Amino acid sequence: MHHFNYRDGQLYCEGVDLQAVAEAVGTPFYAYSSATLCRHANVIADAFVGMDCLIAFSVKANGNLAVLKTLASQGCGADVVSGGELERALRAGIPADRIVFSGVGKTRDEMALALNVGIHQFNVESAAELAALSAVGAELDRVAPVALRVNPDVAAGGHPNISTGKSGDKFGVPWSDAAGLYEAMRSMPGVEAVGVDVHIGSQIDALGPMKLAFEKVVGMVRDLEAQGHKLSRIDLGGGLGIPYKDGDAPASPKAYADMIRSVTDGLGLQVILEPGRVIAGNAGILVSEVLYEKPAPDRTFLIVDAGMNDLMRPALYQAHHDIMPLQQVSEDMPRLTYDVVGPICESTDKFSTKAELPQLGSGQKIAIMSAGAYGAVLANQYNARPLVPEVLIKDDEFDVIRRRPSFEEMVMLEEMPDWLD
């Protein structure tokens, strides 16, 4: 569900006319619905009522401070993968003891920062990382709570670039190595084994692969406890898919919760979840303006002012995003087939191929839907294009929560060496 709907012939977000936002801030821009963010966070929380469950929003999905603060107000913790994301979560008011630190390449400085603020858990992904964390913990006279992220060798489906649980993926400790590393932790200073972690991918529509991975991890937990390890948590990651187009039917949060309840029944451990896309994905859109219609021998291009630097998902994953005009058209209006493309000097700069849309002319606005996750966070300044504004909408008000930088701000970190004068 989302809160983007037509009203009086115009596309609204909650009570705000998006055409008015476009006139105020210019295009392209991201718009997020506060009501959708809160609703999705609460639907997940409600599905797990009665369980000891930490819902740690995946900051890599959307790291805007106002978005994080909105989710913190609904009780969400945070899953972070860098020191910068940790700082963002803390700045947004998420308590350190509700933050888990994932990722394969934590630096010693990042480990020290996380230890000093007292995060809930480190999800450790290699023997070398565990040794480094042990050394940092011992040096600071602190003990890092550790869950090893294990690789269960389970294919999650979806695009290969967002699958993380197969043998050969860079993520997680090989299944056959995990027991030995837990045993080694008994005598390592600065670290303490508190749980087991698994995450097999993103945009997973079916629960079967998740259930298979979770059952394997629950079996590992029972084996470790039988060997005398005192575990208190099981981290099941994120990855639940969302509908990007009509006809998509990913598993519901309730079905997801029911499956986890059945798999973890009797464990008596805290369950940690790391949802990102399922909370933020359909809470955001990218609004763009049509620049030109360009006929070609075998197709017609609709050139818009947003580019792949603003929304990378179609170029990275061949991802689908529905496209809606801001001005509603009648159902019987003829439709044209467009390749919707941006201005970037790359052939991969396209948002849709063979999109069926009403005829759109220069100056008309479109909404690229389901862009609230892995949209603005992946944006960059390729072709010397500024990062686009982000706008948060609540009821009938909107606020710019990240403004568009000027050219001077874009280049302010650059300097000319003296020998070029």
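Taking only the alpha-carbon atoms of the range 270-320, what semi-axes of the equivalent ellipsoid follow from 5 times the gyration tensor eigenvalues under a square root, in whole Å, largest first? Write down the numbers at each step before the final one.
Values: eigenvalues 223, 32, 14 Å².
For the range 270-320, the semi-axes come out at 33, 13, 8 Å.
Can you tell me which of Gly342, Gly180, Gly118 moves the most in a GNM of the chain? Springs connect C-alpha atoms under 10 Å apart.
Largest GNM mean-square fluctuation: Gly180.
Which one of Phe122, Met412, Phe48 is farthest out on the positive end of the charge dipole of the chain, using unit charges on Cβ (Lys, Arg +1; Asp, Glu -1) and the Cα centre as origin?
Value computed over the given set: Phe48.
To the nearest 10 degrees, how steep is helix 175-185 against the longest Cα principal axis of the chain, on a 0 to 90 scale?
So the inclination is approximately 50 degrees.
Using the charge dipole of the range 362-403 (Lys, Arg: +1 at Cβ; Asp, Glu: -1 at Cβ; taken about the Cα centre), state which of Tyr382, Phe398, Ser362 has its Cα farthest towards the positive end.
It is Tyr382, whose Cα lies furthest towards the positive end.
Could you give each residue of the range 86-93 its phi-based ³J(HN,Hα) in whole Hz, using Karplus coefficients 6.51, -1.76, 1.60 with θ = phi - 60°, and x for Gly or Pro?
Whole-Hz 3J(HN,Hα) from phi for the range 86-93: 4, 4, 4, 4, 5, 4, 7, x.
Can you give me the pair-distance distribution of the chain, C-alpha pairs, 10 Å bins, whole percents?
The calculated distribution, bin by bin, is 4, 21, 29, 23, 14, 6, 1, 0.
Would you work out the relative contact order for the chain, in percent, from Cα pairs under 8 angstrom that are 6 or more residues apart? Each step should come with its number before you reach the end.
On the way: 930 pairs, mean separation 80.9, N = 421.
Value for the chain: 19 percent.
With just the Cα atoms of the range 199-354, tell me how far they stretch along each of the three principal axes, in Å, largest first.
Reported extents, whole Å, longest axis first: 69, 36, 24.
What does the charge dipole of the chain about its Cα centre add up to, to the nearest 20 debye, if the Cβ of each Lys and Arg holds +1 and the Cβ of each Asp and Glu holds -1? Working shown, then result.
Numbers: 35 positive and 55 negative charges, 166 e Å.
With Lys and Arg at +1 and Asp and Glu at -1, about 800 debye.
Would you work out which of Leu181, Leu86, Asn64 lies farthest towards the positive end of the dipole of the range 34-279? Charges go on Cβ: Lys and Arg +1, Asp and Glu -1.
Asn64
Here is the link list: Lys60/Lys354; Lys69/Lys211; Lys216/Lys245; Lys60/Lys230; Lys245/Lys354; Lys60/Lys106. Which ones come out longer than 25 Å on Cα distance?
Numbers: Lys60/Lys354 30 Å; Lys69/Lys211 32 Å; Lys216/Lys245 32 Å; Lys60/Lys230 31 Å; Lys245/Lys354 14 Å; Lys60/Lys106 15 Å.
Too far apart for the 25 Å limit: Lys60/Lys354; Lys69/Lys211; Lys216/Lys245; Lys60/Lys230.
Hey, got a sec? Which GluC sites (Glu not before Pro) in the range 328-421 land in a DSSP loop and have at most 15 other Cβ atoms within 10 Å? Before the final figure, lay out the partial values.
Details: sites: Glu331, Glu346, Glu356, Glu390, Glu397, Glu408, Glu409, Glu414, Glu415; in loops: Glu331, Glu346, Glu414, Glu415.
Listed in order of number, the matching sites are Glu331, Glu346, Glu414, Glu415.
In Å and whole numbers, how far do the C-alpha atoms of the range 34-279 stretch along each principal axis, longest first?
53, 37, 35
Given only helices, namely DSSP H runs of n ≥ 4 each adding -39500 (n - 2.57), what is the per-residue ellipticity at 222 nm of the chain, to the nearest 500 deg cm²/dmol?
Numbers: 12 runs with 118 residues, N = 421.
So the calculated ellipticity at 222 nm is -8000 deg cm²/dmol.
Compute the distance from the alpha-carbon center of the range 389-403 to that of the range 211-267, in whole Å.
Spelled out, the Cα-based centre of one part sits 35 Å from the other.
Pairwise over distinct Cα atoms, reciprocal of the mean inverse distance: report the Kirkwood radius of the range 31-134 in Å, one decimal place. Display every interim value, and only then the final one.
Numbers: mean 1/r = 0.0705 Å⁻¹.
Taking the inverse mean of 1/r over all distinct Cα pairs, the range 31-134 comes out at 14.2 Å.
Evaluate the charge dipole of the range 34-279 about its Cα centre and quote only its size in Debye, nearest 20, assuming +1 on the Cβ of each Lys and Arg and -1 on the Cβ of each Asp and Glu. Show your work: numbers first, answer last.
Working: 22 positive and 28 negative charges, 89 e Å.
In debye, rounded to 20, the range 34-279 gives about 420.
Between Ser406 and Thr337, what FRET efficiency follows from the Cβ-Cβ distance if R0 is 30 Å, with the result rounded to 0.05? Mind showing how you got there, number by number?
On the way: r = 38 Å, r/R0 = 1.28.
It comes to 0.20.
Values quoted throughout were computed directly from the atomic coordinates according to the rules given, and no laboratory measurement underlies them. Source: prediction; values computed, not measured. We place every Cβ from the backbone using ideal geometry, glycine too, and count neighbours over all the protein chains shown.
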